[in-house]
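Here's the structure we're looking at; comments come further down.
The values are calculated or read from the model by the stated rules, or taken from the named source; none is laboratory data. Note that the structure is predicted; figures quoted are calculated from it, not measured. Here the Cβ positions follow ideal geometry from the backbone for every residue, glycine too, while neighbour counts run over all protein chains shown. Just the protein is used for accessible areas: all its heavy atoms, side chains included, with ligands, DNA and RNA removed. Shrake-Rupley method; radii C 1.70, N 1.55, O 1.52, S 1.80 Å.
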Amino acid sequence: MAKGIDVSSWQGEIDWKKVKESGIEFAMIREGYGRKAPNQIDKYFHTNIQKAQEQGIYCGAYHYSYSISVEDAINEANFFIENIKGYKLEFPVALDIEDKSMMKLGKRTLTDICKAFCDTLEKAGYYVVIYTNP
């Protein structure tokens, strides 16, 4: 079984050489969150993915969603695509749907949001997964 980590700006600057030496084989790296805006890109995304790949660590990426509608989900997916374009990703891209603000939306709306996000990424040629928690 491969060993991997989930990283974002919350971990600060990462010594990817040490990560590789510790036996980590892949990283899921947060690209950003929410709607399209320069301050919504994870401030370490580009550095993390470049440095991880320099160390031979396989990468995937995820987007933390605040969508409350299908339209929001499509906009977030397109923003995600803009930011990951050009990177070779060996692992899937993921929709991270766990924000407490979304709990009140109901199962049908959440399903529609997930479907719209995933469909948009799949049409762009990505393999998509959903990351969440109970």
**Report entry** Residues of type lysines that Lys17 reaches as a straight line, Cα spacing below 27 Å, ignoring anything fewer than 8 places off in the same chain
**Finding:** Lys3, Lys43, Lys51, Lys85, Lys88
Query raised in the report: So if R0 is 25 Å, what FRET efficiency would Ile74 and Gln11 give, r being the distance between their Cβ atoms, rounded to the nearest 0.05?
Result: 0.25
Query raised in the report: Cα centroid distance between region 71-109 and region 1-49, in Å?
Result: 16 Å
Query - region 1-25 residues near the modelled Glu54 label - backbone nitrogen below 16 Å, point 7 Å along Cα→Cβ - result: 13-21
Query raised in the report: Fully extended, how many nm does the chain gain between Asn39 and Arg108 (0.36 nm per residue separation, minus their Cα-Cα distance)?
Result: 21.8 nm
Query raised in the report: Given Cα pairs under 8 Å that are at least 6 residues apart, what percent is the relative contact order of the chain?
Result: 23 percent
Report summary line: Note to self: Kirkwood Rh of the chain, Cα pairs, one decimal, Å, is 15.1 Å
Query - Asp119 paired with Glu98, simple spin-label distance in nm, labels 7 Å along Cα-to-beta-carbon - result: 2.7 nm
Query raised in the report: Rounded to the nearest 5, what is the percent of antiparallel bridges among the DSSP beta bridges in the chain?
Result: 5 percent
Query - Accessible area of the chain belonging to carbon and sulfur atoms, whole % at 1.4 Å probe - result: 54 percent
Query - Net charge over other residues, Cβ less than 12 angstrom from the Cβ of Glu13 (K, R count +1; D, E count -1) - result: +2
Requested in this report: Return the Cα extents of region 1-78 along principal axes one, two and three, sorted largest first, each rounded to a whole Å.
Outcome: 42, 27, 18
Report task. Please give the per residue accessible area of region 1-54, computed with a probe of 1.4 Å over protein heavy atoms only, in Å². Result -> 62 Å²
Query raised in the report: Is it possible to state the helix-based mean residue ellipticity at 222 nm for the chain, with each DSSP H run of 4+ residues giving -39500 (n - 2.57), the sum divided by total residues, to the nearest 500 deg cm²/dmol? What is it?
Result: -11000 deg cm²/dmol
